[in-house]
Every structure is written in structure tokens, then in C-alpha cells.
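Everything below concerns the one structure shown next.
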Amino acid sequence: MRRAFISGASGYLGRHLLNTIPEGWQVLAQVGGNSLPDDLPGSITSIAFDYGEPDWQAVLDFQPNLIIHSGALSSVSTCENDP
């Protein structure tokens, strides 16, 4: 089985990616402040952390074949105040 790690999975792009996962893929979805919808396939597991204190060991243990980094700071004022 192929494995993908998707960061920012609870954001706009991440949620759309989760809805297009092909059969045969297992996904570890990183979420920040938002949670994932309940109607996602069982092959998707979520992990909650922010980038200030990431749990990279969990990602390494998952051993992804593919990494999609869709996480971002979406607040312009936050980015300007703390680049």
C-alpha cells in the first residue's frame, strides 16, 4: 500500500486533496486548529500538531512514499507581525 503525508490537511487545499485520494493509498493528514470532516475514508488518519512543535517522529514512523506540503499561515497580519 502506498502512503502519503499531507500537511495542512484541514485547510482549503488539504481538504480538497483528501477528497481525491485514490484507492490503495493510506494517508496521514496533519491538522492544525481545524478538525477533519467525519465522512472521510477509513484509510485517512489525522495527526494534530502545529509547526512550532511538530511531531516529525510520527511522520517518520508512518514512512510516507509521498509528502504534500499544503500547510501555510493564511493570516496576512500574523505573517507580517511574526515572519
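The values are calculated or read from the model by the stated rules, or taken from the named source; none is laboratory data. Note that the coordinates shown come from a computational prediction; the quantities given were computed from them, not determined experimentally. When we count neighbours, we look across all protein chains shown, and the Cβ atoms used for this are built from the backbone with ideal geometry, even at glycine.
Name the residues in segment 12-43 that are under 10 Å from the mean Cα position of the chain (by Cα), more than 22 Å from S75 (Cβ to Cβ) and in a strand (DSSP E or B), would you?
Across segment 12-43, the qualifying residues are V27, L28.
Do we find that A72 is surrounded by 13 or more Cβ atoms within 10 Å (Cβ to Cβ), in a loop (DSSP other than H, G, I, E, B) and either of a type in the set (A, V, I, L, M) or in contact (Cβ under 8 Å) with a residue 60 or more places away in the chain (or both) in this structure?
Yes.
Being closer than 14 Å to G8 by Cβ and among the aliphatic types (A, V, I, L, M) is the filter; apply it to segment 45-83 and report the residue that is farthest from the chain's Cα centre (by Cα).
L73
Here's the yes/no breakdown for (1) among the hydroxyl-bearing types (S, T, Y); (2) surrounded by 10 or more Cβ atoms within 10 Å (Cβ to Cβ):
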residue: T20; (1), (2): yes, no
residue: E23; (1), (2): no, no
residue: A29; (1), (2): no, yes
residue: I44; (1), (2): no, yes
residue: A58; (1), (2): no, yes
residue: Q63; (1), (2): no, no
residue: D82; (1), (2): no, no
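Keeping to segment 46-56, report how many residues are under 16 Å from S35 (Cα atoms) and surrounded by 13 or more Cβ atoms within 10 Å (Cβ to Cβ).
Number of matching residues: 4.
Determine whether P64 is at pLDDT 85 or above and out of contact with any Asp or Glu (no Cβ under 7 Å at 6 or more places or on another chain).
Yes: the conditions hold for P64.
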